[in-house]
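Engineer: Quick one: the structure is below, and I'll ask about it shortly.
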Amino acid sequence: MDLSEQQVGRVWVVTARGRLDGATSGQFAQQMEALVTGTEPRLVVDFSGVEFVSSAGLRVVLGLVKKVKTLKGALALCAVQPAVREVLEITGFAGMIDIHPERATALTALS
Amino acid sequence: MTRFAADIVPNPVAIAGLTGDVAAFLRDAGVDARAVHHVALVIEEILTNVATHGGSPDAQATVALEVQRDRISGEIGDRGKPFDPRSGPDPDIAAPLEERRIGGLGLHLVRKLTSVLDYRSDGKQNRTAFSIPREQERGLSHGPQ
């Protein structure tokens, strides 16, 4: 899994590529948690390049969402591939996390 | 008929490698992206469960797939403790709420994404069989628009 981040205003935009599974979820958690700091952290995670998400990946996403909420911040996903989107819906994650079709709309919502 | 078969000692890195191979195989066979993802995911979740709860971390497991016209059928064999994925573990009622919500996610996905899920054990070997429909089958089942 490759992650690259850029700051747009006060929002971190993280572009994720690859697989979010039992082999990569630890690294993903570590890199994301480094951005979930301070007060009211705001993050958009671009999932357009994420081709695979397993339950191990979902657990990490859940942990991040909880941490962001504790810090009174916001986290949104955008451009989620259809099969991954289905996984988020089946597991109830789609109801817990803001998911936007495009990066631009996610940025507008969090800015 | 297009078939895939592999042996694996399940650990996170080996499972990721195998499910990556499975996805490449299915894409090459012309399977739609949804079914490619979900077959790889079901294999990942079942093997992860074997690795985590099977009690025989060094025992080899087998994965066999068959691409059929309307579905992908698979069978995973392992020598871990007998476990029927259709039954699932009892929830840990002593766990904090947040842990209870994430527990069992993998098996939940396996049950929801498969159209067929069977299990049998001969006392030594577990065999978990599953099917996942291909896109044209799902389309046909919806009838004319």
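The values are calculated or read from the model by the stated rules, or taken from the named source; none is laboratory data. Remember, it's a predicted structure, so these values are computed and weren't measured experimentally. Neighbour counts are summed over all protein chains in view; Cβ atoms, including those assigned to glycine, are modelled from backbone coordinates with ideal geometry. Heads up: the accessible areas ignore ligands, DNA and RNA and are worked out on the full protein's heavy atoms, side chains in. Shrake-Rupley method; radii C 1.70, N 1.55, O 1.52, S 1.80 Å.
Engineer: Taking B:V116 and the conditions (1) surrounded by 14 or more Cβ atoms within 10 Å (Cβ to Cβ); (2) of a type in the set (A, V, I, L, M); (3) modelled with pLDDT of 85 or more, which numbered condition does it fall short on, given that it satisfies the others?
Structural biologist: B:V116 satisfies every listed condition except (1).
Engineer: Do we have A:K72 as more than 9 Å from chain B (Cβ to nearest Cβ), open to solvent by 30 Å² or more (accessible area, probe 1.4 Å) and in contact with a helix residue (DSSP H, G or I) (Cβ under 9 Å, 6 or more places away or on another chain) here? Can you show your working first?
Structural biologist: On the way: more than 9 Å from chain B (Cβ to nearest Cβ): yes; open to solvent by 30 Å² or more (accessible area, probe 1.4 Å): yes; in contact with a helix residue (DSSP H, G or I) (Cβ under 9 Å, 6 or more places away or on another chain): no.
Answer is no for this residue.
Engineer: Then there is this: Say we look at segment A:22-48 and pick out the residues that are in a strand (DSSP E or B) and away from chain B (no Cβ under 14 Å); which of these is farthest from A:A104 (Cα to Cα)? Spell out how you get there, then give the answer.
Structural biologist: Start the filter on segment A:22-48 by keeping residues that are in a strand (DSSP E or B), which leaves A:42-48.
In the following step, the residues that additionally are away from chain B (no Cβ under 14 Å) were identified as A:42-46.
Numbers: A:R42: 14, A:L43: 13, A:V44: 10, A:V45: 12, A:D46: 10 Å.
Filtering segment A:22-48 for residues that are in a strand (DSSP E or B) and away from chain B (no Cβ under 14 Å), the one farthest from A:A104 (Cα to Cα) comes out as A:R42.
Engineer: Determine, yes or no, whether B:E44 is within 14 Å of chain A (Cβ to nearest Cβ), in contact with a helix residue (DSSP H, G or I) (Cβ under 8 Å, 6 or more places away or on another chain), at pLDDT below 95 and within 18 Å of A:A56 (Cβ to Cβ). Steps first, please.
Structural biologist: Details: within 14 Å of chain A (Cβ to nearest Cβ): yes; in contact with a helix residue (DSSP H, G or I) (Cβ under 8 Å, 6 or more places away or on another chain): yes; at pLDDT below 95: no; within 18 Å of A:A56 (Cβ to Cβ): yes.
In short, no.
Engineer: Among the residues of segment A:80-102, what is the count of those that are outside any helix (DSSP H, G or I), surrounded by fewer than 19 Cβ atoms within 10 Å (Cβ to Cβ) and either at the interface with another protein chain (Cβ under 9 Å from one of its Cβ atoms) or of a type in the set (G, A, S) (or both)?
Structural biologist: 2
Engineer: Which one is most open to solvent (accessible area, probe 1.4 Å), of the residues in segment B:24-77 that are assigned to a helix (DSSP H, G or I), touching a residue at least 40 places away in the same chain (Cβ under 8 Å) and of a type in the set (S, T, N, Q)?
Structural biologist: Checked segment B:24-77; the qualifying residue most open to solvent (accessible area, probe 1.4 Å) is B:T48.
Engineer: I've got another one for you. Filter segment B:1-23 for residues that are more than 19 Å from A:L20 (Cα to Cα), among the β-branched types (V, I, T) and surrounded by fewer than 15 Cβ atoms within 10 Å (Cβ to Cβ); which is farthest from the other protein chains (Cβ to nearest Cβ)? Write out each step before concluding.
Structural biologist: Just the residues of segment B:1-23 that are more than 19 Å from A:L20 (Cα to Cα), to begin with: B:1-9.
If we keep only those that are among the β-branched types (V, I, T) as well, we get B:2, B:8-9.
Within this subset, residues satisfying the condition of being surrounded by fewer than 15 Cβ atoms within 10 Å (Cβ to Cβ) are B:2, B:9.
Numbers: B:T2: 20, B:V9: 14 Å.
The residue in question is B:T2.
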